[in-house]
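Notes follow once the structure below has been shown.
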Amino acid sequence: MWKNIQPAPPDSILGLTEQFRKDPNSQKVNLGVGVYKDDDGKTPILAAVKEAEIMLLARETTKSYLPISGDPQYSSLVQQLVLGKDCEAIKNKRAATIHAPGGTGALKVGADLLKRFNPEAKVWVSSPTWANHNGIFGDAGFAIESYSYYNPDSKGLDFEKLIEDLGKIPAGDIVVLHACCHNPSGVDLDQAGWDAVVTQAEQQGWIPFLDFAYQGFGEGIFEDRYAVERFSMSGMDFLVASSFSKNFGLYNERTGALTVVCPNAEDATVAMSHLKTVIRTNFSNPPAHGGLVATLILDDTQLYEQWLIELGEMRNRIKAMRSALVKGLADCGVPGDFSFIEKQRGMFSFSGLSDDVVKWLRAEKSIFVVGGGRINLAGLTTQNVDHVCQAIAEAVKAVG
Ligand code: LMR
């Protein structure tokens, strides 16, 4: 069966981790996949998570299936976190939330749902975007287009072009937006920028699909949800894919959610009925453990406070690594002004390193960076940052 079939290329992000694992170099550094590491280079289990797991182990009485859409308490707590506790859409039951296996699972359920009722629509993604957006929406059968977002010259947002492009997208098409901590660029819209994007959506009638995988990694849980709140206030149809991989560190528990926000409660009920049928044919019902852990934390004042502190620590360590990288590159005499790295938000920086430099770093120094130059700042530590900066200086001299 496979004789005449070419092997598929490795995944541009997770494939790097496979190569990293195989690399015998003791000085290897993984700046690829978006996984948080502490200053010892370890991906920790948060103390709040550990405590919740102990509670869960003592309390759980069954491993029976969850409902198709997941535990209702989980959905309700996700809504409060993502939309805000006092959100009018929650009060008026305009939002339908399902428990999905990670942010990717949430995007996939949303993509399949939209394909059913909007088969001719195109999906618009930012230029650049997370590579898997193309994979997920492409595999769901959508044609994919891109809208302007990042300006490589200014290393910032191309706001005028963005608004111009969004103003040309027709009604019914789907626009994937990064609600915070844009992946891969780290360049976000400010509040006035989001207001303008919402206005475009209202005028044009396209459907916003917010990818909200990094809530809490920008400025904080509340600050980072401005875009979601703003779309919710508009009363239009939109979708939000959220994830607890990063902010709870629940990567391998595949814990995420899809929230479909509708103009009214009747529509939300219809949306939920179809969400269930999409889930049933994809994975039947979600895995329980991560969702139950997140539920315990979000529902317990003490654990919640502890989680917020730990999330703040992760956020602040990444910010400190941004500054250390900018200083290190200057100290090593790498030509250019890298101060833009400190202005970007979230886990990633579009470093401006060329593909030749990226290849050289991997081949010569076992430093793994995603093609296009995206660096995961959380892979830097006070131990390895000087080594990385020196390697970049050598690479730029050799091939930059
Ligand atoms: C990333 O962008 O590195 C993360 O979102 C992990 C992934 O699944 O690609």
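The values are calculated or read from the model by the stated rules, or taken from the named source; none is laboratory data. Keep in mind it's a predicted model, so treat the numbers as computed, not measured. All Cβ positions, glycine included, derive from the backbone under ideal geometry; neighbour counts span all protein chains shown. Remember, those area values only see protein heavy atoms, side chains included, never the ligands or the DNA or RNA. Shrake-Rupley method; radii C 1.70, N 1.55, O 1.52, S 1.80 Å.
Where the centre of each part is set by its Cα atoms, how far does region 32-47 sit from region 328-400, in angstrom? Result: 19 Å between the Cα centres.
Residues 136, 309 ordered from highest to lowest accessible area at a 1.4 Å probe: 309, 136.
Each stretch of four or more DSSP H residues adds -39500 (n - 2.57); spread over every residue of the chain, this sum gives -14500 deg cm²/dmol at 222 nm. The smallest convex shape that holds all Cα atoms of the chain, its convex hull, gives 158 Å³ per residue. Cross-link partners of residue 327 among aspartates and glutamates, defined as those whose alpha carbon lies under 17 angstrom from its own and excluding same-chain residues fewer than eight positions apart: 337, 342, 386, 394. Between residue 195 and residue 399, the modelled labels are 4.7 nm apart [label points 7 Å from Cα along Cα→Cβ].
Please compute the net charge surrounding residue 87, taking Lys and Arg as +1 and Asp and Glu as -1 over other residues with Cβ under 10 Å from its Cβ. Taking every Cβ under 10 Å from that of residue 87, the sum is +1.
Can you tell me how much longer the chain between residue 280 and residue 88 gets when fully stretched, taken as 0.36 nm per residue apart minus their C-alpha distance, in nm with one decimal?
66.2 nm is the gain from fully extending residue 280 to residue 88.
The local environment of residue 100, defined by Cβ-Cβ distances under 10 Å, has a net charge of +2 under the rule Lys, Arg +1 and Asp, Glu -1. Global dimensions of region 100-200 from alpha-carbon coordinates: Rg and Dmax equal 13.6, 40 Å.
The angle between the Cα long axis of helix 191-204 and the main principal axis of the chain comes to about 50°, on a 0 to 90 degree scale.
For region 49-114 and region 215-267, what is the separation of their Cα centres, given in Å? Distance between centres, Cα-based: 11 Å. Summing +1 for each Lys or Arg and -1 for each Asp or Glu among the other residues whose beta-carbon sits under 14 angstrom from that of residue 134 gives -2.
Residues of the chain were split at every exposed loop site, defined as GluC sites (Glu not before Pro) in a DSSP loop with at most 11 other C-beta atoms within 10 angstrom, and the longest piece left, sites excluded, is 121-400. Per-residue Karplus couplings for region 47-56, computed as 6.51 cos²θ - 1.76 cosθ + 1.60 with θ equal to phi - 60°, are listed in order as 4, 4, 5, 4, 5, 5, 5, 5, 4, 5 Hz, Gly and Pro entered as x. Placing R0 at 60 angstrom, the Cβ-Cβ distance between residue 25 and residue 302 gives a FRET efficiency of 0.90 after rounding to 0.05. Working from label points 7 Å from Cα in the Cα-to-Cβ sense, the residue 269 to residue 222 distance is 3.5 nm. Between helix 385-399 and the chain, what is the angle of the helix's C-alpha long axis to the longest principal axis, kept within 0 to 90° and rounded to the nearest 10? The angle comes out near 70 degrees.
Compute the acute angle (0 to 90°) between the alpha-carbon long axis of helix 301-331 and the principal axis of greatest extent of the alpha-carbon atoms of the chain; round to the nearest 10°. Its long axis makes an angle of about 30 degrees.
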